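Every read-out reported here was derived from the displayed coordinates using simple, explicitly stated rules and does not represent laboratory data. Keep in mind that this is a model prediction, so the values were computed, not measured. When we count neighbours, we look across all protein chains shown, and the Cβ atoms used for this are built from the backbone with ideal geometry, even at glycine.
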Amino acid sequence: MDDMEARFDATIAADQRIEPRDWMPEAYRRTLIRQIAQHAHSEIIGMQPEGNWILRAPTLRRKAILLAKVQDEAGHGMYLYAAAETLGVDREELTEKLIESKQKYSSIFNYPTLSYADIGVIGWLVDGAAICNQVPLCRCSYGPYARAMIRICKEESFHQRQGYELLLAMVNGTDAQREMVQESVNRWWWPSLMMFGPPDDDSPNSAQSMKWGIKRHTNDELRQRFVDMSVPQAQALGVTFPDPALAWNPERQSYDYGEPDWDEFKAVIAGSGPANAQRVAHRRAAHENGAWVREAAQAYADKQKARVAA
Amino acid sequence: MNEQNAYQSLAETTDHDDPRWAFGTGIVEEAGAEITSPVPDGVDPADLAAYCLMLGDDALVYSHRLSEWVSNAPELEEEVALANTALDLLGQARVLLARAGHLTGGDEDSLAYRRTDAEFRNVALAELSDGLDFARCVGRMLIFSSWRLALLHRLLGSADPVIAAVAGKGVKELTYHRDYAARWTLRLGDGTDESHVRMQAALDALWPYVGELFRTSDEERRLVGAGVAVDPAQTREEVDAVLDQVLAQATLTRPDKPSIGTIGGRSGRQGVHTEHLGHALAEMQSLARQHPDTQW
């Protein structure tokens, strides 16, 4: 056992990848299952707020872009559940945990999409924040997760650009469209900052995850990177962020910004955000309504196997 | 690609010419024929535009119904497959509507978003709601894709280059859709007792809408002579053979149901629809109509 643990520690220390067949500490496995499942659930739940606008997309080109994006998210969910399966849990089991609210997903998807500008803003800010969080995961110590993340990050970067391009078209459009964009940014800015998780002094799991090479940067480091990246993009769009404290700090060569409302964050995480109940109920309904279909597929496969054997 | 090169491979995606930038959205450019191609000799442009709308509206309206499955499918693989089918049909619709728009002084969006339901030319089968019943979804896809594949096969040699190009790409897409639907028909028909009952009920409910698929409109009749269109009546034998084969293997019974009636001889191809279409269009067109003359 000590031998195996020493080999694990050496692999981490050398910045090499742990693979499914390798020995790993139980706590490392549990942490990864929790994180990958949460990530997979986020992709699947995230289909709902964006799917909310597919049927009403204002042009056929925008409809095709949005439909393709939501389809990619289902694909991301599939790769991530597959990565979790290499750790000994299956998709069915994880889905049950999601619909029983025993596992979480990104807090951001508990906010509603109320205008088409939200589709652009989700692409720009929410996918942008996700990319800041996820790019370092491409170097995560667990091989299957790191490899899934590479593929996902590449697709996310398309989504982010598509979102930004929609917003550019809208701010160059009518007054009503510009107002729609600003109103949407006002709603999504703070929840986007919250996507990086609680402040470093209130993030209990971070230190261990960093030691294990699952996490590479602290929540506050990533949040700062996101703010610094987003401010010039907002200026290019001609929109403002709803934060009076936002200002360039020449000493730090970074933007200072205000404190997110952590009480709101905690409430959303605890299940009382604007759309938590709706998201979980929707996912549950889809899963339960599909039970007879999955049973039929299984029964058919069993019959085919029996026929081949006979 | 390996994980050591993650940052590098991410950087590669900043290439703006990467075709995946608008994955699933480039079909108008990819269709392989110019939307502005001249109208074939001896063809009335109004007939050609009407025919493009028939084929385009079938695809657009059915794509809308398939999109209702997003986040509601029974399994993630089905999420991906149904969205992909919806995207394929949306792509076909965009080219056909763009062609019709060119002929009538509009564009794909003015046709999709500014027409009333009486101006849509799709068949009723395309506009029915599945009510999130997966058996209905599978049954409709089996019937629709068997029929459309038979049409597109015959349109490969259409005298209209845009229709021929749509058929060229569409045959591959519809082959996949039909195969997907056939595989699920087998699983549901020959799965559990419950799935068998549900699949049979779905077919029974859909069957009255099959007859319309083989009814020939005046525009089609005129365009057949010019080598542009196919007479849908001629696809009946092939479609029947496919359906009979799949249903028999799936232990399902081919329904014996009369077709729904027409109104004074008119149905979808003449702009006379079921009550379902108005609701689908109300939803589809709502945002575009709130902001007329706006770029998105």
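Taken one residue at a time, the phi angles of the range B:291-296 give Karplus couplings (6.51, -1.76, 1.60, θ = phi - 60°) of 10, x, 6, 10, 8, 10 Hz. Gly and Pro are set to x. Using Cβ point charges alone (K and R +1, D and E -1), the dipole size of the range B:189-296 about the Cα centre works out to roughly 380 debye. Taking other C-beta atoms within 10 angstrom as a stand-in for reagent exposure, B:193, A:200 fall in the order B:193, A:200, fewest first.
Taking every residue in B:93-106 and counting other chain Cβ atoms within 10 Å of its Cβ, the average works out to 1.
Look at the stretch A:44-56: the mean tally of other chain Cβ atoms within 10 Å of its residues' Cβ atoms is 4. Give the relative contact order (percent, whole number) for chain A; include only Cα pairs under 8 Å separated by 6+ residues. It comes to 19 percent, rounded to a whole number. Annotation note: trypsin sites (Lys or Arg not before Pro) in the range A:1-50 located in DSSP loop regions with a Cβ neighbour count of at most 13 within 10 Å are A:21. Kindly provide the trypsin sites (Lys or Arg not before Pro) of the range B:200-247 that DSSP labels as loop, not H, G, I, E or B, and whose Cβ sees at most 10 other Cβ atoms within 10 Å. Loop-located and lightly packed - none at all. Here residue B:245 and residue B:201 are evaluated by their C-beta separation; at R0 = 22 Å the FRET efficiency comes out at 0.55. Legend: ranking of residues B:57, B:160, B:256, A:90 from fewest to most surrounding C-beta atoms inside 10 Å; resulting order B:256, A:90, B:160, B:57. Of the residues A:193, A:32, A:246, the one that moves most in a GNM of chain A with alpha-carbon contacts below 10 Å is A:246. Evaluated with a Cβ-only charge set (Lys, Arg +1; Asp, Glu -1), chain B carries a dipole of roughly 780 debye about its Cα centre, given to the nearest 20. Apply 1/(1 + (r/R0)^6) to the Cβ-Cβ distance of residue A:277 and residue A:235, taking R0 = 30 Å, and write down the FRET efficiency to the nearest 0.05. Calculated transfer efficiency: 0.20. Note on residue A:175/residue B:132: beta-carbon distance plugged into 1/(1 + (r/R0)^6) with R0 of 41 Å gives a FRET efficiency of 0.60. Between the listed residues A:27, A:8, A:53, the Cα displaced farthest toward the positive end of the dipole of the range A:1-105, a dipole computed from Cβ unit charges relative to the Cα centre, is found at A:53. Label sites at residue A:210 and residue A:3, each approximated as a point 7 angstrom past Cα along Cα to Cβ, lie 3.5 nm apart. Distances between placed amide hydrogens fall under 5 Å for residue A:254 paired with A:249, all partners being 5 or more residues away or on another chain. Contact order normalised by length for the range A:20-157, with contacts defined as Cα pairs under 8 Å and 6 or more residues apart; what percent is it? In percent, rounded to a whole number, it is 30.
With a ≥ b ≥ c the root eigenvalues of the C-alpha gyration tensor of the range A:1-128, is it rounded (a/c under 1.5), prolate (a/b larger than b/c) or oblate? The shape class here is prolate.
Farthest toward the positive end of the dipole of chain A, out of A:149, A:213, A:77, is the Cα of A:77, where the dipole comes from beta carbon charges about the Cα centre.
Ignoring aspartates and glutamates fewer than eight residues from residue A:303 along the same chain, the ones with Cα atoms less than 19 angstrom from its Cα are A:295, B:190, B:193, B:194. Take the Cα of residue A:288, go 7 Å toward its beta carbon, and the backbone nitrogen atoms of the range A:80-109 under 19 Å from that spot belong to A:92-103. Averaged over peptide B:180-190, the number of partner chain Cβ atoms lying within 10 Å of each residue's Cβ comes to 3. Inter-label distance, residue B:215 to residue A:93: 5.6 nm, where each label sits 7 Å from its Cα along the C-beta direction.
Once both labels are positioned 7 Å from their Cα atoms along Cα-to-Cβ, the gap between residue A:305 and residue B:270 label points is 5.5 nm.
What relative contact order, as a whole-number percentage, does chain B give when Cα pairs under 8 Å and 6 or more residues apart are counted? The value is 23 percent. Computed over the range A:231-310, the P(r) tail beyond 17 angstrom holds 73 percent of alpha carbon pairs.
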